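Student: Next up is a structure, given as structure tokens.
The values are calculated or read from the model by the stated rules, or taken from the named source; none is laboratory data. Fair warning: this is a prediction, and the values are worked out from it, not measured in the lab. As a convention, Cβ positions derive from the backbone with ideal geometry for all residues, glycine included, and neighbour counts pool all protein chains shown. SASA here: full protein model, heavy atoms, side chains in, ligands and nucleic acids out. Shrake-Rupley method; radii C 1.70, N 1.55, O 1.52, S 1.80 Å.
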Amino acid sequence: MVQAISTSSCCNILFSKSHRSTFPHSLHRFNHYSPSFAHRISTGVQRKAVELPLPETVTQQVQNKEQRKTQFALENLTSWLLKQELAGNIDAELTIVLSSISLACKQIASLLQRSSIINLTGGQGTINVQGEDQKKLDVISNELFCNCLRSSGLTGIIASEEEDIPVAVEETYSGNYIVVFDPIDGSANIDTALTTGSIFGIYGPDEQCLIDLDDTSTLDQAREKCIINVCQPGRNLLVAGYCLYSSSVVFAISLCKGVFAFTLDPTYGEFVLTHENIKIPESGKIYSFNEGNYDLWDDKLKNYLDHLRQPGSNGKPYSGRYIGCLVGEIHRMLLRGGINGNPKNKNSKNGNLRLLYECAPMSFLIEQAGGTAIDGVQRILDIVPEQVHQRTPIFIGSPDEVQKLQKYLA
């Protein structure tokens, strides 16, 4: 578009080329208000053709529209999973299983928020297969997870901290995924309203495993088959994730393509994408060990911890923080870096955490974010469980911090 611009020293006025014919009428109006001004315009105006910027291209318009959209639009977990399905990262059946797990987490979050009000604090009066006293919410949360997974119709086997053996789901129609989970991690924190969480991992089974309760002659064989199918190394995981129950409810997940976290919006009851493609810092100044067990650890580990307590190059030592909830430790570590350890000790030769449904899923997430997870000797994801409730030591966190630990343990 070409327009005329006045170069007169007394004023600069824009004139549209398409409105030249109307200039006399405009001049007449100027004459009405200021004859001398109109005279200067009629005699002193010079016109210079200049080229103004062209309108936005279609590409620019689309980019600007997307930019405006991202400022206001929120992506929830459901729409994100559908996008992953369309991109070929997961199949439709796995999408349904993950939606069932997210529903269980919403229900657990609601119960935790009201636990003191509806009398869900305190013990259940029962002991699980690990010999641990069960909280009321341990039992209820386990039932919520199992019911949501059964209702999906796509889960073949369920293995939980609260179940003695893997449970075959008879309502399976297809899919036949193996889901391992800890329904409430850090349940000792429930009564004091501190951080808790849920951990889950999903495997693809080798073959369907259903138990026919009417045929007791094959019951032991069927159970053994279930255990064999469930006891897979963490490197076989298709999906791993956790749900953090704290000041916010955060659902973190990895589909083998990075780590993404969604925060529950209580107004709409939806998990909203808030942390995209999380990358753990290479190093961090936070360490998380239960130092009440310090005297039970070996000398090499003690030397490492003594080193962390000494002032560093910045004149400050590492900051020791221990939540008593693996989910809380891992969530902080993903965002801030550092190292978490649950080592073996004189009273617990294999550590305290379970490999299958605690350490493996969390190690999977940390590695997907660029971190490292070992048992002190080997990679956690390479360990093949021999038992469903097998325990393992674990050191997990920023790669530089784990590497420093390895030098002390060597």
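Student: Counting only residues that are of a type in the set (S, T, N, Q) and modelled with pLDDT of 85 or more, how many does segment 166-219 have?
Tutor: The qualifying residues number 6.
Student: Answer yes if at least one residue in segment 320-336 is of a type in the set (A, V, I, L, M, F, W, C), touching an Asp or Glu at 6+ places or on another chain (Cβ under 7 Å), open to solvent by 10 Å² or more (accessible area, probe 1.4 Å) and not in a helix (DSSP H, G or I), and no otherwise.
Tutor: yes
Student: Take S141 and tell me if it is under 20 Å from D191 (Cβ atoms), exposed (fewer than 14 other Cβ atoms within 10 Å of the Cβ) and not aliphatic (A, V, I, L, M).
Tutor: no
Condition check ((1) at pLDDT below 95; (2) assigned to a helix (DSSP H, G or I); (3) within 30 Å of I165 (Cβ to Cβ)) across all residues:
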| position | (1), (2), (3) |
| --- | --- |
| E367 | no, yes, yes |
| G370 | no, no, no |
| L381 | no, yes, yes |
| F395 | no, no, yes |
| E401 | no, yes, no |
| K404 | no, yes, no |
| K407 | no, yes, no |
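Student: Just checking, does segment 118-125 include any residue being assigned by the TED database to the domain that holds V259, within 19 Å of V272 (Cβ to Cβ) and surrounded by 14 or more Cβ atoms within 10 Å (Cβ to Cβ)?
Tutor: The answer is no, given that none of the residues of segment 118-125 is assigned by the TED database to the domain that holds V259, within 19 Å of V272 (Cβ to Cβ) and surrounded by 14 or more Cβ atoms within 10 Å (Cβ to Cβ).
Student: Determine the pairs where a residue that is within 15 Å of F262 (Cβ to Cβ), located within segment 79-92, has a partner that is outside any helix (DSSP H, G or I) with Cβ atoms under 7 Å apart, the partner being 6 or more residues away or on another chain.
Tutor: Partner pairs satisfying both residue conditions: W80/L273; Q84/I90; Q84/L255.
Student: Against the conditions (1) at pLDDT 95 or above; (2) open to solvent by less than 20 Å² (accessible area, probe 1.4 Å), where does D265 fall short? Just the number, please.
Tutor: (2)
Student: Does any residue of segment 297-311 turn out to be under 20 Å from V239 (Cα atoms) and either loosely packed, with under 13 Cβ neighbours inside 10 Å or in contact with a Leu (Cβ under 7 Å, 6 or more places away or on another chain) (or both)?
Tutor: Scanning segment 297-311 turns up no residue that is under 20 Å from V239 (Cα atoms) and either loosely packed, with under 13 Cβ neighbours inside 10 Å or in contact with a Leu (Cβ under 7 Å, 6 or more places away or on another chain) (or both).
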